[in-house]
Each structure stands twice: as C-alpha cells, then as structure tokens.
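The values are calculated or read from the model by the stated rules, or taken from the named source; none is laboratory data. Just so it is clear, the structure is predicted and the values come from calculations on it, not from any experiment. All Cβ positions, glycine included, derive from the backbone under ideal geometry; neighbour counts span all protein chains shown.
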C-alpha cells in the first residue's frame, strides 16, 4: 500500500509538467500550419505561374490540456484475503484540444505581393526583372 501511495504521488507530481509540455506542443501546431501553407503556395506558384496564394492569419486560439487519473480497489469479501476477491482499477486519461481562429488574406494587393514573394524563391534574375517590368507597365496603364 505504501508503494502504491508513493507511485501515485510521483505520477501526480509529473502531471503539471506533462500538461505544460502538451500545451506547448499544441501551440507549435500554428508553426506547422504556416509551414504547410508556405509549401503548398510555393508548389502552386511553381506549377502555375498565375496561381493565387491561399494565406491565412491566425487571429485567436485556445489550447486546452487536461490530465485525469484515479485508482480504485474493490474487495468483494473484505475479510477473505486468501481468495481472489480483490480487484485493482487504475484509470488515466489525457485530453488535448486545439481551436484556432484563422482569417484568410483576401486583400488584392496583399495577394499580389505574396505571389511576387513566392516567385522570388524560384525565378531567375531575368524572370524577376521581366516580372517587375510587367508589373510597372500594368500600374501605369
């Protein structure tokens, strides 16, 4: 019984640290979203020169982590310790939940700027100069 009490105390003491780590892992999903968004847009820009980037900006979010545990004993015949009448019922649960609010970028100038930035990553210097020249001609016209 003492060993069980010590084990429960140790596990309970680790729960806040694990909850903190889980919350940080959840928050890092924002970085994963941005990375995936970047790679998809770059791929689209290479495949289709006139592709419009799809960009979203995280404006709010919630990262929730809960850890629950309990230990239960059951003695069907409390004074018959020699028989198999004892049961041990441990239970542990860890729940994660992410909720992020994402606003899509829809401003025409912002999307043109993003398309130009993605183009800088794979175009040659000559293609960039041509793109700038074409853009300047379209603004003047």
Return the residues of region 85-115 that are modelled with pLDDT under 85 and closer than 18 Å to residue 54 by Cβ; say none if nothing qualifies. 100
By residue number, the members of region 103-138 that are touching a strand residue (DSSP E or B) at 6+ places or on another chain (Cβ under 8 Å) and either assigned to a loop (DSSP other than H, G, I, E, B) or over 26 Å from residue 30 (Cβ atoms) (or both) are 105
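Quick one: count up the residues across region 49-74 that are outside any strand (DSSP E or B) and modelled with pLDDT of 80 or more.
6
Please pick out the residue among 11, 46 that is modelled with pLDDT under 75 and surrounded by 12 or more Cβ atoms within 10 Å (Cβ to Cβ). I'd like the intermediate steps shown before the answer.
Working: 46 fails: modelled with pLDDT under 75.
Result: 11 is the single residue among 11, 46 that is modelled with pLDDT under 75 and surrounded by 12 or more Cβ atoms within 10 Å (Cβ to Cβ).
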